[in-house]
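Novice: Would you mind keeping the following structure in view while I ask a few things?
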Amino acid sequence: MKDEVRLPEVSAWPGLELQGLLSEGPRQRLWRARRNGVSLVIHQSQREGAALDWELQLRVKLAADGVLSPTVQPTAQGHLRKGRVYVEEFVEGAAPRTRRDTKEVFSTVRRLHQLTGGHLQRPGFLSTRALLEADCGGDVDLTAMPQEIRWLLRRAWSLLPARPQSVIHGDLRRENIVIRDGRCVLLDWDESRVDSPFLDLVDLPSWDPPAGCAVLRAELELGALAWETASSWRLEPTYADRCLRRLLARRHPTAATCQIQALKAY
């Protein structure tokens, strides 16, 4: 099979049967597979080894503390990956629909943040706070864009609170959140890193800042839009352009206002 030639690493999981390409993006490719009647997903990541180890080890640790993601299947030798390839369970479930579901999602994301305060940064990555001074980290290369855009992105990131910092999932789109047996399972941790937890919270419709902080969600979205622009600039230029246009259409608040409201809200 053609896929077997492209993925020689799958031999590290004896009995694994490829069933075809599931999705292909600039950061990773996914295949459906089965082994002993169990549905699995094969990931071929573009991350360097240390960055991939950080993600997989983090997920194992978090699962033990109740923050669920698809269970990583070890190789026959007990390793979590072979090269840039790893295998995980295929999660059956549904997108959040009820109020109880949205509360479960919010609770899970908050627990992720609470458990990982002080966690070491993902190798090769930088937070938005660090990128106020540095130019490159993870998928971000600020030297690849015009100076005026770099200034705009850093201006948006300066509004994010310096503290707290924690591991964030980094890509909490609806398709990356599954409710299984009443529990929230978070999929696709490829963009996880240490950063401001508000970058996760603004993606959640269930998060409402408390009274007195009504402006906070809209303004924190500036930081998230700036991140999407920067991290997609080289990999997904059409998407980066859409994010940049949305960012340009927004009015910046004062940094002081955003910082004070953020401290009240989290």
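The values are calculated or read from the model by the stated rules, or taken from the named source; none is laboratory data. These figures come from a predicted structure and were not determined experimentally. So basically every Cβ, Gly included, is an ideal-geometry build from the backbone, and we count neighbours across all protein chains shown. With ligands, DNA and RNA removed, areas are computed over all heavy atoms of the protein, side chains included. Shrake-Rupley method; radii C 1.70, N 1.55, O 1.52, S 1.80 Å.
Novice: So, in Å, what gap is there between the alpha-carbon centers of the stretch 228-243 and the stretch 103-160?
Specialist: Taking the Cα centre of each part, the stretch 228-243 and the stretch 103-160 sit 15 Å apart.
Novice: How would you classify the stretch 69-204 from its alpha-carbon gyration tensor, with a ≥ b ≥ c the square roots of the eigenvalues: rounded for a/c under 1.5, else prolate if a/b is greater than b/c, otherwise oblate?
Specialist: Oblate shape, in that a/c is at least 1.5 and b/c is the bigger or equal ratio.
Novice: Another question, if that's okay. Name the long-range amide H neighbours of Gly138: under 5 Å, sequence gap of 5 or more, or other chain; modelled H, no Pro or chain starts.
Specialist: Placed amide hydrogens put Phe125, Leu126 under 5 Å from Gly138.
Novice: Related question: Round to the nearest 10 and give me the degree value, 0 to 90, for the angle of helix 255-265's Cα axis relative to the longest principal axis of the chain.
Specialist: Approximately 60 degrees, to the nearest ten.
Novice: Sticking with this one: Determine the per residue accessible area of the stretch 137-194 with all protein chains present and a 1.4 angstrom probe, expressed in square angstrom.
Specialist: With all protein chains present, the stretch 137-194 gives 38 Å² per residue.
Novice: Cα gyration tensor of the stretch 45-131, axes a ≥ b ≥ c as square roots of the eigenvalues: rounded (a/c below 1.5), prolate (a/b > b/c) or oblate?
Specialist: It is oblate, given that a/c is not under 1.5 and a/b is not larger than b/c.
Novice: Among Thr229, Gly37, Pro123, which residue has its Cα positioned farthest towards the positive end of the charge dipole of the chain, with +1 placed on the Cβ of Lys and Arg, -1 on the Cβ of Asp and Glu, and the dipole taken about the Cα centre?
Specialist: Thr229
Novice: Hey, can you rank 159-172, 85-98, 11-24, 216-229 by average C-beta count inside 10 Å, highest first?
Specialist: 216-229, 159-172, 85-98, 11-24
Novice: Could you please put Trp54, Trp157 in sequence from largest to smallest accessible area, using a 1.4 Å probe?
Specialist: Heavy-atom accessible area, descending, gives Trp54, Trp157.
Novice: Pop out the ³J(HN,Hα) list for the stretch 136-153 in order, Karplus 6.51 cos²θ - 1.76 cosθ + 1.60 with θ = phi - 60°, rounded to Hz; leave Gly and Pro as x.
Specialist: These are the phi-based 3J(HN,Hα) values: 9, x, x, 8, 9, 9, 5, 6, 7, 10, x, 4, 5, 6, 4, 4, 4, 5 Hz.
Novice: Using helices alone, I'd like the mean residue ellipticity at 222 nm for the chain: each DSSP H run of four-plus residues gives -39500 (n - 2.57), total over residue count, nearest 500.
Specialist: -11000 deg cm²/dmol
Novice: Across the stretch 113-118, in residue order, what do the Karplus-derived ³J(HN,Hα) couplings come to in whole Hz, using 6.51 cos²θ - 1.76 cosθ + 1.60 with θ = phi - 60° and x for Gly and Pro?
Specialist: 5, 5, 6, 10, x, x
Novice: Can you give the FRET efficiency to the nearest 0.05 for Ala76 and Asp141, using r as the Cβ-Cβ distance and R₀ = 30 Å?
Specialist: Result of the calculation: an efficiency of 0.20.
Novice: If you roll a 1.4 angstrom probe over the protein chains with everything in place, what fraction of the accessible area of the chain belongs to carbon and sulfur, to the nearest %?
Specialist: 51 percent
Novice: Through the Karplus equation 6.51 cos²θ - 1.76 cosθ + 1.60, θ set to phi - 60°, convert the phi angles of the stretch 216-228 into ³J(HN,Hα) values in whole Hz; use x for Gly and Pro.
Specialist: 5, 4, 4, 6, 5, 4, 4, x, 5, 5, 5, 5, 4
Novice: Let me ask another. Dipole size in debye (nearest 20) for the stretch 145-235 around its Cα centre, Lys and Arg Cβ +1, Asp and Glu Cβ -1?
Specialist: 220 debye
Novice: Could I ask something else about it? What does the chain give for Rg and for Dmax, in Å, if only its C-alpha atoms count?
Specialist: Cα only, the chain: 19.1, 60 Å (Rg, Dmax).
Novice: Sticking with this structure for a sec: Give me the extension gain from Asn36 to Ala130: residue separation times 0.36 nm, minus the current Cα-Cα distance, reported in nm with one decimal.
Specialist: 29.3 nm
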